[in-house]
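To keep things clear, I will list the structure first and then write my remarks on it.
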Amino acid sequence: MKIILLRWSALAFVGLTLTVVLSGCILPGGGYGYGGEYYEPYGVDYGGWGPDYRVAPFRGGDHHPGGEGGHGSAHAYRAAPASHSMPSIPSSSRSGGSRSGGGSRSR
Amino acid sequence: MHPQRSSNLIDSIPNQIGPQRMQPGRAGQFLRIGLLAVLLCVACAVPVMAAPVHLPAIVEPPSQEHHIGKLIFVQLVTPDIAAAKQFYGELFGWTFRDIQAGGTKYAEAFLDGRLLAEIIHKQVPASEHRQPAWLSFFAVGDVDAAKKAALQHGAKVLFEPHSVPDRGREAVFSDPQGAVFAVLASSSGDPPDVLAAPGEWIWSSLITSDPDSDAAFYQTLFDYEVFELPASPGAQHLLLASDNYARASANTLPANSPKAHPHWLNYLRVEDTVKMTAKVVALGGRVLVEPRVDRHGGKVAVVADPLGAPFGLLEWPETESKEVEVPK
């Protein structure tokens, strides 16, 4: 009796172990997502913004490009046409209402 | 009764494959048991392999909206998922749905039932000095086409295009200056273009060594319109727009920030940046950029969670110009 139980226990143990090992090999990183490799180097500086450092958009949609922007100055990017006013972020509420918050230009 | 029957059943099985039928010798017995074990484990492992991990869709119920170049999802990989959940839950009222898949823990973050973010647990080896950071996912129509364009214009692929059930297809790149970002073709459509509620992502900024060429790179990928914003000498601030909405800004790395490197920074909408910054500190986070008035008339700040992941806080007053900047 003892030997029989021992055999079945060994069978169950080996089966369970192999199942875990196989599953681990098949799902590296644990699934379908990016899997968790994105860490930044330690000690990176995210501050140091000077007083004129601005990152946000304008409010409303009637701002025109400042400086030399958009009119043939040498840039790597393709500047928006001068006729296009600078858009802002969406401002309509989630509950509905008309589209708003972008530029005054209609597309 | 039942234990007795079970015992009899167990006893009977080995007898059928017992010594009188398993001859010759013990080696044969163990070989058979071994084969049975392999069959058993394969039978168990196959369903595990086949079972898809069901991560929540970006938009539920699905929509037909698509907004190329819009930030539609963010993901944080952290060594302490419990601490991250506690921090963001208490700060913004996010709720979480835990998912365990193949040994990895996911926490899907929601606000009022809308999916906002995904937090993934991954331990950092003690020998590696790295810190968590939020990964930005921008909407595209075709991830493989985006990969091709990105490679042609100087990007690197950090994670090849792959499909995620119920979510879509995604890939992770670093842009030509080294800022890491992801693209996602959501199979459930993109979130609508509405004003973010407090506690939701409202804005993104790229802080990079060369905004000019980076703007050109992202313009290639997302067909952005690019507008030049006022800037002090030596700096450049650009606005990136699609669908006639501002999607992000591209900015020169701060001059007095020697350890900075190109990165994307995402901002959560708050009603009071000063109060929320204090709350961040009370919850164990840090302030990286003190609250300050920005060009929209509200205050922004940059903070880090207790594990070091940076993010922005941005007021977006319901009424025009909560605070007016004094012209210089």
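The values are calculated or read from the model by the stated rules, or taken from the named source; none is laboratory data. All values reported here derive from a predicted model rather than from experimental measurement. Backbone-built Cβ (ideal geometry, glycine too); neighbour counts: all protein chains shown.
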Out of region B:221-262, which residues are part of a helix (DSSP H, G or I) and in contact with a helix residue (DSSP H, G or I) (Cβ under 8 Å, 6 or more places away or on another chain)? B:Leu221
How many of the residues in region B:286-303 are crowded, with 22+ Cβ neighbours inside 10 Å and small (Gly, Ala, Ser)? 2
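Which is within 9 Å of chain A (Cβ to nearest Cβ) and in contact (Cβ under 8 Å) with a residue 12 or more places away in the chain, of B:Leu238, B:Leu221?
On the way: B:Leu221 fails: within 9 Å of chain A (Cβ to nearest Cβ).
Just one listed residue meets the conditions, B:Leu238.
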Here's a check for you: in region B:77-118, which residue that is over 18 Å from B:Val303 (Cα atoms), touching a helix residue (DSSP H, G or I) at 6+ places or on another chain (Cβ under 6 Å) and not hydroxyl-bearing (Ser, Thr, Tyr) is farthest from the other protein chains (Cβ to nearest Cβ)? B:Phe96
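With the condition kept exactly as written, say whether any residue in region B:105-113 is aromatic (Phe, Trp, Tyr), in a strand (DSSP E or B), at pLDDT 90 or above and over 21 Å from B:Asp193 (Cα atoms).
So the first thing to find is which residues in region B:105-113 are aromatic (Phe, Trp, Tyr), and the list is B:106, B:110.
Remaining after also requiring in a strand (DSSP E or B): B:106, B:110.
Cutting the leftovers down to at pLDDT 90 or above gives us B:106, B:110.
Still in the list and also over 21 Å from B:Asp193 (Cα atoms): B:106.
Checked region B:105-113: at least one residue is aromatic (Phe, Trp, Tyr), in a strand (DSSP E or B), at pLDDT 90 or above and over 21 Å from B:Asp193 (Cα atoms).
Does B:Glu118 meet the test of being charged (D, E, K, R) and part of a loop (DSSP other than H, G, I, E, B)?
Working: charged (D, E, K, R): yes; part of a loop (DSSP other than H, G, I, E, B): no.
Judged against the criteria, B:Glu118 is not a match.
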Among (1) facing another protein chain (nearest Cβ under 9 Å); (2) surrounded by 21 or more Cβ atoms within 10 Å (Cβ to Cβ); (3) touching a residue at least 12 places away in the same chain (Cβ under 8 Å); (4) more than 20 Å from B:Phe311 (Cβ to Cβ), which single condition is B:Gly168 missing? (1)
Can you name every residue in region B:180-210 that is part of a loop (DSSP other than H, G, I, E, B), facing chain A (nearest Cβ under 10 Å) and either over 24 Å from B:Glu315 (Cβ atoms) or of a type in the set (A, V, I, L, M) (or both)? B:Val194, B:Leu195, B:Ala196, B:Ala197, B:Asp210
For region B:284-298, enumerate the residues that are over 17 Å from A:Pro87 (Cα atoms) and not small (Gly, Ala, Ser). B:Arg286, B:Val287, B:Leu288, B:Val289, B:Glu290, B:Pro291, B:Arg292, B:Val293
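Could you say whether any residue in region B:130-148 is facing another protein chain (nearest Cβ under 8 Å), in contact (Cβ under 8 Å) with a residue 12 or more places away in the chain, assigned to a loop (DSSP other than H, G, I, E, B) and touching a strand residue (DSSP E or B) at 6+ places or on another chain (Cβ under 8 Å)? Can you show your working first?
Restricting attention to region B:130-148, the residues satisfying the condition of being facing another protein chain (nearest Cβ under 8 Å) are B:130-133, B:135.
Still in the running and in contact (Cβ under 8 Å) with a residue 12 or more places away in the chain: B:131-133, B:135.
Subsequent filtering for residues that are assigned to a loop (DSSP other than H, G, I, E, B) retains B:133.
Add one more test, that the residue is touching a strand residue (DSSP E or B) at 6+ places or on another chain (Cβ under 8 Å), and what stays is B:133.
For region B:130-148, residues facing another protein chain (nearest Cβ under 8 Å), in contact (Cβ under 8 Å) with a residue 12 or more places away in the chain, assigned to a loop (DSSP other than H, G, I, E, B) and touching a strand residue (DSSP E or B) at 6+ places or on another chain (Cβ under 8 Å): present.
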Residue under question is B:Val124, and the condition is that it be touching a Lys or Arg at 6+ places or on another chain (Cβ under 9 Å), of a type in the set (Val, Ile, Thr), crowded, with 17+ Cβ neighbours inside 10 Å and within 11 Å of chain A (Cβ to nearest Cβ); does it hold? yes
Every pair of residues 6+ apart whose Cβ atoms lie under 7 Å, when the first sits in region B:260-288 and is within 13 Å of another protein chain (Cβ to nearest Cβ) while the second is hydroxyl-bearing (Ser, Thr, Tyr) and surrounded by fewer than 17 Cβ atoms within 10 Å (Cβ to Cβ): B:Pro262/B:Ser209
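Assess whether B:Ser213 counts as being over 30 Å from B:Val59 (Cα atoms) and surrounded by fewer than 20 Cβ atoms within 10 Å (Cβ to Cβ). Working first, answer last.
Details: over 30 Å from B:Val59 (Cα atoms): yes; surrounded by fewer than 20 Cβ atoms within 10 Å (Cβ to Cβ): yes.
When the stated conditions are applied, B:Ser213 passes them.
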